[in-house]
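Here is the structure we will look at.
The values are calculated or read from the model by the stated rules, or taken from the named source; none is laboratory data. This is a predicted model, so every value here is computed, not measured. Using ideal geometry, Cβ is built from the backbone for each residue, glycine included, and neighbour counts are taken over all protein chains shown.
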Amino acid sequence: MTDSIRVLMVEDQPDLREMIGVALNDLGIEVETTSDGHGALALLEEGAPFDVVFSDVSMPNGMSGIELSEYVAQRQPSARMILSSGYARSQLPPLPDNVEFLPKPYRLRQLFDLLTAR
């Protein structure tokens with residue numbers, strides 16, 4: 001359905017992580033998932049390139065999506081970074097210029113369209 005897109009999805013809610021991962025795979029997007037920023041760093045350190053890193057702003061275990069986005073910008077500068085939150089953007093700390101924002105709740109189609117844009 002789409003050109004090969006490789007996405008790293010960082011989501012701490014297991015059911016949501018599984019549901020979105022399966023749905024995106026069904027739509028032709030290759031998805032690796034992890035539950036927190038530290039897991040994402042481990043996958044990024046392995047050197048596998050990602051086209052997009054998609055993460056919640058608020059993450060468990062001491063690393064926010066904003067901190068993760070700074071790491072992604074250094075390690076994989078060609079990867080797009082998308083952050084999501086149930087908070088309004090105005091309630092969040094400033095997001096880096098290279099970060100796209102998707103407010104929660106979102107529909108799968110919104111996420112798919114954002115992932116496949118460009």
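Side notes on the structure shown:
- Candidates in the stretch 91-118 are the residues that are out of contact with any strand residue (DSSP E or B) (no Cβ under 7 Å at 6 or more places or on another chain) and of a type in the set (Lys, Arg); of these, the one that is modelled with the lowest pLDDT is Arg118.
Conditions (1) in contact with a Lys or Arg (Cβ under 9 Å, 6 or more places away or on another chain); (2) basic (Lys, Arg), marked per residue:
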{"site": "Leu41", "(1), (2)": "yes, no"}
{"site": "Leu44", "(1), (2)": "yes, no"}
{"site": "Met63", "(1), (2)": "no, no"}
{"site": "Ala73", "(1), (2)": "no, no"}
{"site": "Arg80", "(1), (2)": "yes, yes"}
{"site": "Pro105", "(1), (2)": "no, no"}
{"site": "Leu108", "(1), (2)": "no, no"}
{"site": "Ala117", "(1), (2)": "yes, no"}
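- Tally, over the stretch 39-54, of residues that are farther than 20 Å from Arg118 by Cα and surrounded by 16 or more Cβ atoms within 10 Å (Cβ to Cβ): 5
- Qualifying residue in the stretch 51-66 (condition: farther than 20 Å from Ile5 by Cα and under 9 Å from the mean Cα position of the chain (by Cα)): yes
- Entry remark, the stretch 55-72: residues being buried (at least 17 other Cβ atoms within 10 Å of the Cβ) and either farther than 11 Å from Val10 by Cβ or among the aliphatic types (A, V, I, L, M) (or both) number 7 in total.
- Selection within the stretch 74-97 - within 13 Å of the chain's Cα centre (by Cα) and not β-branched (Val, Ile, Thr): Ala79, Arg80, Met81, Leu83, Ser84, Ser85
- Of all residues in the stretch 37-62, those satisfying the criterion of being within 18 Å of Phe101 (Cα to Cα) and not aromatic (Phe, Trp, Tyr) are Gly37, Asp51, Val52, Val53, Ser55, Asp56, Val57, Ser58, Met59.
- Residue in the stretch 6-28 that is surrounded by the fewest Cβ atoms within 10 Å (Cβ to Cβ), counting only those that are under 13 Å from the mean Cα position of the chain (by Cα) and under 17 Å from Ala117 (Cα atoms): Arg6
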